[in-house]
Number of protein chains: 2
Amino acid sequence: MTLNGQHILAEATGNHPGAHFYAVNPVTAERLQPAFVEGTAVQVDIAARSAEHDFSAYRQLSLPQRADFLVAITTQLRKLEADLLERAGLETGLPRARLAGELTRTVNQLLMFADFVREGAFLQPQIVPALPERQPLPRSDLRLTQVPLGPVAVFGASNFPLAFSVAGGDTAAALAAGCPVVVKAHPAHPGTCELAGRAIRAAGDACGLPRGVFSLLQGSGKQLGAALVEHPLISAVAFTGSQAGGRALFNLAAARPEPIPVFAEMGSVNPVFLLPRALADGGAELARKYVDSVALGVGQFCTNPGLLFVLNDPALESFIHAVEEYLPQLPAAAMLHRGIKQNYCTALDKLVARSGVELRCGEIPESDDCFVSPALLRTTAEQFLVDSKIAEEVFGPASVIVVCQSFLQMQQCAAALAGQLTAAVHAMAAEEEMCRELLTLLERKAGRLVMNDFPTGVEVCHAMVHGGPYPATTDSRTTSVGSEAIRRFLRPLCRQNFPTSLLPEELQD
Amino acid sequence: MTLNGQHILAEATGNHPGAHFYAVNPVTAERLQPAFVEGTAVQVDIAARSAEHDFSAYRQLSLPQRADFLVAITTQLRKLEADLLERAGLETGLPRARLAGELTRTVNQLLMFADFVREGAFLQPQIVPALPERQPLPRSDLRLTQVPLGPVAVFGASNFPLAFSVAGGDTAAALAAGCPVVVKAHPAHPGTCELAGRAIRAAGDACGLPRGVFSLLQGSGKQLGAALVEHPLISAVAFTGSQAGGRALFNLAAARPEPIPVFAEMGSVNPVFLLPRALADGGAELARKYVDSVALGVGQFCTNPGLLFVLNDPALESFIHAVEEYLPQLPAAAMLHRGIKQNYCTALDKLVARSGVELRCGEIPESDDCFVSPALLRTTAEQFLVDSKIAEEVFGPASVIVVCQSFLQMQQCAAALAGQLTAAVHAMAAEEEMCRELLTLLERKAGRLVMNDFPTGVEVCHAMVHGGPYPATTDSRTTSVGSEAIRRFLRPLCRQNFPTSLLPEELQD
């Protein structure tokens, strides 16, 4: 399929003149064709107005019809599989096997929401019957269900060009909820975005849906996204990316005349705590698992472990030795784009320059390309407790081992952490009491707690929470992965004293 | 019980010197004893720190223990019933029967949450078992439950000194969720607040709870509330009151380094649509019900109907005639305090001065006391559609009849409305198609839709939504009345690969 570099809008607006931008291959540094148009407030307005216009028809589809649409998207994505994998590979440098797996994840995510919607239990209907004879006042018949919020703006992530992008989890959850979606394409993979967007468009056409249900806007700057969040017809925003980006959108949304929710997933450092017996028992295998989790996807996972807390005991040095032996064996790999690579180098540079932080393994890349190797740093809990900068996320394959002199100090470190997507504890059965104390602290900090494993690997299922207290997200009451992600785009509606003929199906007797 | 005019804090701080304020009887304009201390950032800090300190112990109570605490609060409230009703009567001017009913509502609300917590279903546990053999990657055991957010700040309303105040729905929901509560007492009924706060304190003591679980701060200015919302240890805010007040707190919370959710219920105009046959059929009885709903509680209900849309047909004039006959029969009554009365007069004055708005019945009060009589205004849909000020809330016993020339115009009015707590339609069976079209528009606007009834009367039950799109609330995804109100103070937590011994009861096999 030939890319056209255009937005996908309900109203044909012809070839857009004006500014353009290009994708760049991070491995070869080559500019990729075609040129992509830079969207403006004009296209934002078309997308938001058509989304609002077609919201009424979309939300009134039956649940099976909505589910069929989600399934139809997967059919169209599979039709474009070869194009998607090729283009995503060119735009991100990610290996083909990884991208193929990610496409499967994307498809399965849509199918999970299709089943979830078809089943209907997510509407959580509640029926409270009338009590006309109750004293001192009668009770009316009251029936509760969930309704969709309205048009949703989606900002995908650079690090998952399929599963957290145009046809990714946020879009799937919003469409499943009954909300039209306007996606702001990620400028690092605009061609992959166009292909996925065309799959959704084709699925909508095949299902006979009005075209305002889905729009895709291309653009490389911040103004387009800001205009989208500020558009009065947008009802909610989903975002996956940096803290700076997520907070900026949150601030814009909160300052609107009518504030709207922003569900920003902004990553975290995902602390891992190794208790002494688990450390001694795990040995070199534990060291390898840790390094693999740090380096997975060139460290570009929201859940990669940026902090490892260990006690200063005999097993520590052999663990660190094993890490230092294994880590240099991992090949250098290209990060997703120049901006991410540069941010990684700057952040790593600043971290190494902090007092008491030592670069143990790996290096700060100096090349002009996108390639990096993993890096291991080491500091003390004393230092960690007086320098909150050490706890800030370095997005990339780097991790800091924090050596604690006592379990009390380890607890102090846990208590000092900011909000996280995940926190993990490795402990043997004999360490259950220490483990329990740590977990009690970590429950306050994270959306997902992991025992005896590393945090990378986010299962798409009914029990997942990919969320957590700020700054991991802007709304800890939500998740952006798993079926519960649909709740972000629903609100409760109570119907009082309604005749059966006017009730939606799920509220009828 | 003798009031002491002090805050209720975990740390005894002695008699506070410094500024004081007094409650005023709105009926007699007399100052009421005693003086109440003005809280400062010092007391906010004590309250927030002790709430955070005792959060860990409180959230780890078993669900039956938490339920017992809620029941114990009702026992203590009933012990103080005579004092509460007397003092609330003095501070608000509300009739004793109304206050007695409100206390019963307050007690039943706490008992509902006690049952709800004891039952445990609100935790909505999800268990996804491990699939160790799955290809290409195994699946871990994943278990989802809900955990409390942390210390909650509660700002009660002036118009329900018991049910939406210190021991009201927000406090009940937050305590039920496992969150400590810091209440900012309403300065119009500080004595009632003190009594209710002492009931909660006594219940906590009887249950052996640490005292940081509940604090009450007295104060008459805005600074105290601002300091509370800005305190870094506060995790969420619940508010019932004016749009200006709710939005101000929302803005403060969104601007924090760590933003927190603000659940502000800010009232609305609660439009009612009368379709022609229902109007003709309802006659004088419908007119009386309308006026009663407008005037209930001297119009000081968040759900009183401020707008009534009717078609210009033969039945209209006799309906208006019946309204104009009945409305003057209602006696003047005192509003809750001078500030509310003055705001009501100013808002009514401005509304009457708008082009095309006619005061049909009642008057703009000119007396210096708190007394007002109901007022009826009339305008046209043409005027309504070009002047959005007519749709703004006038908090008090006033309502505007908007006369539409056609059903299309009525639909345009519905589409032009801002977010509402409620919207109501009166229709006969033969009008079902018109009704359906109106309801489709109104679903976008309100948290509760009412058929053939008026919106006042908010049932405390599992199906209630007391919420709605902005500006009715700052978070349309929530309700502040009914058992679903607990969700505001919970967040999901996923546990991965946990041994049974470390799982909470609801997640064990």
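The values are calculated or read from the model by the stated rules, or taken from the named source; none is laboratory data. Source: prediction; values computed, not measured. Counting neighbours? That spans all protein chains shown, and the Cβs are built from the backbone with ideal geometry, glycine included.
Data for the structure
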quantity: Where residue A:91 falls short, out of the listed (1) closer than 24 Å to residue A:495 by Cβ; (2) acidic (Asp, Glu); (3) buried (at least 23 other Cβ atoms within 10 Å of the Cβ); calculated: (1)
quantity: One residue from A:500, A:440 being closer than 30 Å to residue A:139 by Cα, out of contact with any Phe, Trp or Tyr (no Cβ under 9 Å at 6 or more places or on another chain) and among the β-branched types (Val, Ile, Thr); calculated: A:500
quantity: Every residue from the stretch B:230-273 that is part of a loop (DSSP other than H, G, I, E, B), within 13 Å of another protein chain (Cβ to nearest Cβ) and under 18 Å from residue B:163 (Cβ atoms); calculated: B:266
quantity: Qualifying positions in the stretch A:278-312 - within 19 Å of residue A:328 (Cβ to Cβ) and either surrounded by 23 or more Cβ atoms within 10 Å (Cβ to Cβ) or of a type in the set (Lys, Arg) (or both); calculated: A:288, A:289, A:290, A:291, A:293, A:294, A:295, A:298, A:299, A:304, A:305, A:308
quantity: Meets criteria (within 14 Å of another protein chain (Cβ to nearest Cβ), among the charged types (D, E, K, R) and over 20 Å from residue A:481 (Cβ atoms)) for residue A:198; calculated: no
quantity: Output for the stretch A:210-222, where each listed residue is in contact with an Asp or Glu (Cβ under 9 Å, 6 or more places away or on another chain) and either crowded, with 24+ Cβ neighbours inside 10 Å or in a helix (DSSP H, G or I) (or both); calculated: A:211, A:212, A:213, A:216, A:218, A:219
quantity: Scope the stretch B:117-144; condition within 12 Å of another protein chain (Cβ to nearest Cβ), assigned to a helix (DSSP H, G or I) and in contact (Cβ under 8 Å) with a residue 40 or more places away in the chain; matching residues; calculated: B:122
quantity: Filter result (closer than 21 Å to residue A:466 by Cα, part of a loop (DSSP other than H, G, I, E, B) and more than 24 Å from the chain's Cα centre (by Cα)) within the stretch A:412-443; calculated: none
quantity: In the stretch A:392-415, the residues that are among the aliphatic types (A, V, I, L, M) and surrounded by 20 or more Cβ atoms within 10 Å (Cβ to Cβ); calculated: A:394, A:398, A:400, A:401, A:402, A:403, A:410, A:414
quantity: Leading residue by the ranking (surrounded by the fewest Cβ atoms within 10 Å (Cβ to Cβ)) among those in the stretch B:156-165 that are in contact with a Leu (Cβ under 7 Å, 6 or more places away or on another chain) and of a type outside the set (Gly, Ala, Ser); calculated: B:159
quantity: Counted residues, the stretch B:303-357 - those being in a loop (DSSP other than H, G, I, E, B) and under 14 Å from residue B:397 (Cβ atoms); calculated: 9
quantity: Selected residue (criterion: nearest to the other protein chains (Cβ to nearest Cβ)) from residues of the stretch A:444-492 that are in a helix (DSSP H, G or I) and either crowded, with 22+ Cβ neighbours inside 10 Å or among the hydroxyl-bearing types (Ser, Thr, Tyr) (or both); calculated: A:484
quantity: Hits in the stretch B:493-509 (condition: polar (S, T, N, Q) and in a helix (DSSP H, G or I)); calculated: B:500, B:501
quantity: Scan of the stretch B:246-277 for residues that are touching a residue at least 40 places away in the same chain (Cβ under 8 Å), surrounded by fewer than 23 Cβ atoms within 10 Å (Cβ to Cβ) and out of contact with any helix residue (DSSP H, G or I) (no Cβ under 7 Å at 6 or more places or on another chain), ordered by number; calculated: B:247
quantity: Residue satisfying condition, being closer than 30 Å to residue B:482 by Cβ, modelled with pLDDT of 95 or more and over 20 Å from the mean Cα position of the chain (by Cα), within set A:76, A:135, A:65, A:126; calculated: A:126
quantity: Residue in the stretch B:326-338 that is more than 24 Å from residue B:456 (Cα to Cα) and touching a residue at least 40 places away in the same chain (Cβ under 8 Å) present; calculated: no
quantity: Residue list for the stretch A:145-154, restricted to those being touching an Asp or Glu at 6+ places or on another chain (Cβ under 8 Å) and in a strand (DSSP E or B); calculated: A:145, A:147, A:152, A:154
quantity: Residues of the stretch A:358-384 satisfying the condition of being in a helix (DSSP H, G or I) and either aromatic (Phe, Trp, Tyr) or under 11 Å from residue A:399 (Cα atoms) (or both); calculated: A:384
quantity: Residue B:502 surrounded by fewer than 21 Cβ atoms within 10 Å (Cβ to Cβ) and either in contact (Cβ under 8 Å) with a residue 24 or more places away in the chain or at the interface with chain A (Cβ under 8 Å from one of its Cβ atoms) (or both); calculated: yes
quantity: Where residue A:385 falls short, out of the listed (1) of a type in the set (A, V, I, L, M, F, W, C); (2) under 28 Å from the mean Cα position of the chain (by Cα); (3) at pLDDT 95 or above; (4) surrounded by fewer than 22 Cβ atoms within 10 Å (Cβ to Cβ); calculated: (2)
quantity: Test: residue in the stretch A:447-460 that is closer than 22 Å to residue B:488 by Cβ and in contact (Cβ under 8 Å) with a residue 12 or more places away in the chain; calculated: yes
